[in-house]
1. Does anyone have the angle between helix 138-148 and the longest principal axis of the chain? Alpha-carbon axes, 0 to 90°, nearest 10?
2. If the chain between His122 and Asp195 were fully stretched, how many nm would it gain, using 0.36 nm times the residue separation less the Cα-Cα distance?
3. Report, in cubic angstrom per residue, the convex hull volume of the C-alpha atoms of the stretch 196-242.
4. Measuring from label point to label point, each 7 Å out along Cα→Cβ, what is the Arg39 to Arg146 span in nm?
5. How much accessible area per residue does the chain have, in Å², with a 1.4 Å probe?
6. Output wanted: per-residue J couplings in Hz (rounded whole) for the stretch 98-109, from phi through Karplus 6.51 cos²θ - 1.76 cosθ + 1.60, θ = phi - 60°, x for Gly and Pro.
7. What's the center-to-center distance, using Cα atoms, between the stretch 173-242 and the stretch 87-132 in Å?
8. Pull up the cross-link candidates among the lysines for Lys151, meaning alpha carbon to alpha carbon under 27 Å and not fewer than 8 places away within one chain.
Amino acid sequence: METNALRTLWTECFGNEDDWIETFFRTALIPDHICVRNRQGRLAAALCWMDVFCRGQKLAYLYAIATAPDQRGQGLCRELMASACETLARQHYAGCVVVPAEDGLRQMYRKMSFENFGGIEHLSARRGKPVPIHPVSPEEYARLRRSFLPKDGVVQESGAENYLAASADLYAGENFLLAAEREGQALFGVELLGDPRAAEGILGGLDCEKGTFRIPGSEPFAMFRPLVPGTPPPGYFGLAFE
């Protein structure tokens, strides 16, 4: 498959800027981890996957699931997902994870045998007394994240940390780990692990007036489909690269 065709499809479906696409191709895309469907001599649908791990088992995180606008409503996504799951099962993945961008997609994936698991919450906070906080490298973030993950949380590495670092800043403190995007005086915590009570102090330490943090919780977020019978769903999945 020509990478230019995938770039074109993503632009049509997601409207991403060229810099984002180039960053993704440079840091996270694995050519052997792409499933496609062609129609009328061109790329009509595609998805990618990233290796993640839970309880020592290899799972596939399916993302960038895209169908060309003029090819929708023809069952291509269902066909693509079924083909990907068959491929992954042959390659001995224990299951796959997907993060729906909207409720309609969540309902569609449920019909494909995906079920909600774990969850997240959005914590809003205002600036408080600063707490010590320092930047960390992608490698250090990945290492620390293993110790901060909730029980049976999904380990996301294998290039994911480098892609994350291209769009978010990575920080650590005494009792927390943070990936965050900043816009002016507002902060969005892509993922805050550890003690959520540190949120106000984090804002003070980063000189931000307000922020919203994604933390482990009960709101539906990721979905799981086992590929090996009896494989239980993970306990937590918190980083979505959509």
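1. Helix 138-148 and the main axis of the chain meet at about 80 degrees.
2. 24.9 nm
3. Once divided by residue count, the hull of the stretch 196-242 is 118 Å³.
4. About 4.4 nm, to one decimal.
5. Per residue, the chain has 48 Å² of solvent-accessible surface.
6. With coefficients 6.51, -1.76 and 1.60, one gets 9, 10, x, 7, 7, 5, x, 5, 4, 5, 5, 5 Hz.
7. The distance from the Cα centre of the stretch 173-242 to that of the stretch 87-132 comes to 12 Å.
8. Within the straight-line cut-off, Lys151 pairs with Lys58.
The values are calculated or read from the model by the stated rules, or taken from the named source; none is laboratory data. What you see is a predicted model, and the numbers here were worked out from it, not measured in a lab. Methodologically, a virtual Cβ is constructed for each residue, glycine included, from the backbone with ideal geometry; neighbour enumeration extends over all protein chains shown. The area values use the complete protein model at the heavy-atom level, side chains included, leaving out ligands, DNA and RNA. Shrake-Rupley method; radii C 1.70, N 1.55, O 1.52, S 1.80 Å.
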